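Everything on this sheet refers to the single structure shown next.
The values are calculated or read from the model by the stated rules, or taken from the named source; none is laboratory data. In this text the structure is predicted, and so the values were computed from the model without any measurement. Note: ideal-geometry Cβ built from the backbone for every residue, glycine included; neighbour counts use all protein chains shown. Note: areas computed on protein heavy atoms with side chains; ligands, DNA, RNA excluded. Shrake-Rupley method; radii C 1.70, N 1.55, O 1.52, S 1.80 Å.
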Amino acid sequence: GAVVSQHPSWVICKSGTSVKIECRSLDFQATTMFWYRQFPKQSLMLMATSNEGSKATYEQGVEKDKFLINHASLTLSTLTVTSAHPEDSSFYICSAREGGSRPYEQYFGPGTRLTVT
Amino acid sequence: AQSVTQLDSHVSVSEGTPVLLRCNYSSSYSPSLFWYVQHPNKGLQLLLKYTSAATLVKGINGFEAEFKKSETSFHLTKPSAHMSDAAEYFCVVGGGNTDKLIFGTGTRLQVFP
């Protein structure tokens, strides 16, 4: 149980275009989903927290107009990188928490590698 | 406020020898502490967690960690390294009234034959 998937697993896009990444909880209802970013050989940095049906809460320094997060259902959250640039190339990882679970019980997706050319 | 410091960015061991990955934490609350492993180009896998129960925590694949409040440490150990243990390891702190997890900078474990 507690499986989180991401799609796509990797994507290459041209500079200036937008790309959408999906995060799904496959066997539980995720009231909260988190989006992290990981640069090569670095740690994970939390970008934003989203609760189903509410606007996402972004961490300091993360541009909310550039990284659009939608959490419209209890099993799906999407991250859209708008007007992507090469510096947005990174590994994006989502995690999901089931409603009523302990705050730290997050289940991580396998990640999406974004390359912007 | 919470933070976590992984004292070694890189650890190299020979197969069959013990592994020690060091982690110190800082927390205003009673912390929850975790170790995650990440193999190249893969997602995160939870190795073990401490959530205010037993201070010696056993995880998967023979790993264990001991919560030492007096030393604010949560070091990860394994008696005998295996080649498949080569990966990136993250010490993570959470807890209090927040659901945020704070990741350490990671320790890359290399295992030589």
- Message: If you average 1/r across every pair of different Cα atoms in the range B:55-113 and take the reciprocal, what Kirkwood value do you get, in Å?
- Response: 13.2
- Go ahead and collect, in residue order, the members of the range A:16-32 whose backbone nitrogen is under 11 Å from a label point 7 Å along the Cα-Cβ direction of A:L68. A:18-20
- Estimated FRET transfer efficiency (B:T77, A:Q42; beta-carbon r; R0 25 Å; 0.05): 0.50
- Structure shown: which of A:K66/B:K49; A:K14/A:K64; A:K55/B:K58 lie over 31 Å apart, alpha-carbon to alpha-carbon? A:K66/B:K49; A:K55/B:K58
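Counting only other chains, what is the mean number of Cβ atoms within 10 angstrom of the Cβ of each residue in peptide B:99-112?
That average works out to 4.
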- Do any cysteines of chain A lack a neighbour Cys whose Cβ is under 4.7 Å away, and which are they? A:C13
- Extend 7 Å from the Cα of B:R108 along its Cα-to-C-beta direction; within the range B:4-19, residues with backbone N under 15 Å of that point are B:8-13
- Full-extension gain in nm, B:Y29 to B:A53, via 0.36 nm per residue minus C-alpha separation: 7.1 nm
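Could you give the accessible area per residue of the protein assembly as shown, probe 1.4 Å, as a whole number in Å²? Please list the in-between numbers first.
Numbers: 11160 Å² over 230 residues.
Result: 49 Å² of accessible area for each residue.
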- Reference-scaled alpha-carbon Rg (2.2 N^0.38 Å with N residues) for the range A:64-117: 1.32
- Message: Am I reading the B/A interface right? What is its buried accessible area, both sides, 1.4 Å probe, to the nearest 100 Å²?
- Response: 1500
- Full-stretch length increase - A:L26, A:H85 - with 0.36 nm per residue and alpha-carbon distance subtracted: 18.1 nm
- Where the accessible area of the range A:37-117 is counted over protein heavy atoms with a 1.4 Å probe, how much of it, in %, is carbon and sulfur? 50
- Any residues in the range A:76-117 that have 50 Å² or more less accessible area with all protein chains than in their chain alone, probe 1.4 Å, and which are they? A:Y104, A:F108
- Provide the three semi-axes, in whole Å and in decreasing order, of the ellipsoid equivalent to the protein assembly as shown as defined by the square roots of 5 times the Cα gyration tensor eigenvalues. 30, 21, 15
- Message: For a Förster distance of 22 Å, can you work out the FRET efficiency between the beta-carbons of A:L76 and A:R113, rounded to the nearest 0.05?
- Response: 0.60
- Give the Kirkwood hydrodynamic radius (Å, one decimal) of chain B, defined as one over the mean of 1/r across all pairs of different Cα atoms. 14.0
